[in-house]
Amino acid sequence: MTHSQGEPPGDLDLWLLAGQSNMAGSGSGGAYESPSEQVWLCNLRDQWEIAREPFLADRYEATDSAFALMRSEMTLAAADPDYRRRRGERYGEDLRRHESGGGLGLAFGKAIAAFTGRPVGLVFCAKGDTRMNEWAPDWSGSPCMALYAATWRRVRAVGRPLTGVLWYQGESDTFDHQGHVYAEKMRELVGALRRDLRQPELPWFYVQIGNCVMQTEEELPEWNLVQETQRRLEAELAPDGMCTAVDLPLRDGIHLSTRAQQRLGRRLARLVRRGLYGDPSVETGPRPTSVTRDPEDDCQLRIGYEGVNGSLQPAERVAGFSVLAPGGERNLVCAALVEPAEPHTVLVRTYCPLAAGSALWYGRGLTAFCNLADEADMGAPMFGPRPIPD
């Protein structure tokens, strides 16, 4: 491990950033997060430097081929030994000219450093369009997709124990039945990293994937399945360790805008403040706990939440809820609002009484517009289908 700007501070908190393109940094449409001398980056060339966006700027110079080449580039690079050098000459410059490649890492690091008073180090190990099987410890395919081995090597080369992991991945596992084994693959990854790094209690914080407008539900039929799997895994793998992106704006068909990435980084920092450092002033963010029928109105449901910072927002015109009758495809919801007397409860109204066997979603489909959050900008996660009690 070399140091382009000197040795990073010895007391820094060390975080691994791993996943696919939204973790790698695909944000655009806004200014980069400003650098801070309190946040360091172990770049893809195995060099320490003050963290500056875009973190992907040097990917063609990466020490590990697993982080240098996208899936679509592997054939081109095999046919042209000079491919990586030629592409790398202008890649970082092109990203900066268009202010693209913004991510969540720098905003996260600054927020954590401000809270702890200690510097933060980020070990960047993310790559776009990657699937859970390519993050498997026993991957035996192309070295260009040997992501676990490359990540493990980089972390070991740093020579310091990790403070925790930030993980954002799942979009590429929403078809071909990959969503049905997502939980199993996630358990394998988390367990392997904790075992191989000899940190059995390694903290894990992650993002529930957001929306996608570039493909259809027929093409990505397991999108909601992966989101719901991620929500359910929180209690098992990362207690109070998940935040969502389902309410954050996109800049293209699948990638968050730069500003959304920055908000997401600060959301993760709030989770870390509570979950790792025990900050009692921060809640996890809204988590659905109950669904009940209103005993006085057979066209109204009451959705209870816990972990709310202040009150749920917006007070009226809450968007994202769907109710479907058995075998139906039409959303029966006509309105949703926060209960004025119970600011941790959402009232969901339907335009007709609900049949037995109806089900509730929040964030159903690939393109649902969701806007439920709390006063600390912690979004409510996608869930569903959830049976509605008769």
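The values are calculated or read from the model by the stated rules, or taken from the named source; none is laboratory data. The structure displayed is predicted, hence computed values, not measured ones. Glycine gets a Cβ as well: all are built from the backbone with ideal geometry, and neighbour counts include every protein chain shown.
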Query raised in the report: Could you say whether any residue in segment 237-252 is touching a Ser or Thr at 6+ places or on another chain (Cβ under 6 Å) and among the basic types (K, R)?
Result: yes
**Report entry** Residue among E228, E218, E201, E236 that alone is assigned by TED's automatic domain parsing to the domain that holds H177, in contact with a Phe, Trp or Tyr (Cβ under 7 Å, 6 or more places away or on another chain) and acidic (D, E)
**Finding:** E228
Query - Selection count where residues are at pLDDT below 95, of a type in the set (G, A, S) and part of a strand (DSSP E or B), scope segment 1-40 - result: 3
Requested in this report: Taking the options R198, R232, name whichever one is surrounded by fewer than 19 Cβ atoms within 10 Å (Cβ to Cβ) and either on the phi > 0 side of the Ramachandran plot or under 13 Å from the mean Cα position of the chain (by Cα) (or both).
Outcome: R198
Query raised in the report: Counting only residues that are out of contact with any Pro (no Cβ under 9 Å at 6 or more places or on another chain) and either small (G, A, S) or modelled with pLDDT under 95 (or both), which one in segment 139-156 is nearest to G170 (Cα to Cα)?
Result: A146
Requested in this report: Please go through segment 150-180 and pick out each residue that is assigned to a helix (DSSP H, G or I) and either within 18 Å of the chain's Cα centre (by Cα) or hydroxyl-bearing (S, T, Y) (or both).
Outcome: T151, E171, S172, D173, G179
Report task. Spot the failing condition for L271; the list is (1) under 14 Å from the mean Cα position of the chain (by Cα); (2) under 28 Å from Y32 (Cβ atoms); (3) free of Cβ contacts under 8 Å to residues at least 60 places away in the same chain, and only one is missed. Result -> (3)
Report summary line: The residue from S311, S322, S358 that alone is among the polar types (S, T, N, Q), more than 22 Å from the chain's Cα centre (by Cα) and more than 22 Å from E228 (Cα to Cα) is S311
Report task. Could you tell me which residue of segment 308-322 is farthest from G384 (Cα to Cα), considering only residues that are surrounded by fewer than 18 Cβ atoms within 10 Å (Cβ to Cβ) and small (G, A, S)? Result -> G310
Query raised in the report: Would you say P381 is surrounded by 15 or more Cβ atoms within 10 Å (Cβ to Cβ), assigned to a loop (DSSP other than H, G, I, E, B) and touching a strand residue (DSSP E or B) at 6+ places or on another chain (Cβ under 7 Å)?
Result: yes
Query raised in the report: Can you name the condition, by its number, that A368 falls short on among (1) modelled with pLDDT under 95; (2) not in a strand (DSSP E or B)?
Result: (1)
Report summary line: Screening R71, R96, R86, R52 for residues that are without any contact (Cβ under 8 Å) to a residue 60 or more places away in the chain and under 18 Å from C125 (Cβ atoms) leaves only R52
**Report entry** Count of segment 65-93 residues which are touching a Lys or Arg at 6+ places or on another chain (Cβ under 7 Å) and not in a helix (DSSP H, G or I)
**Finding:** 0
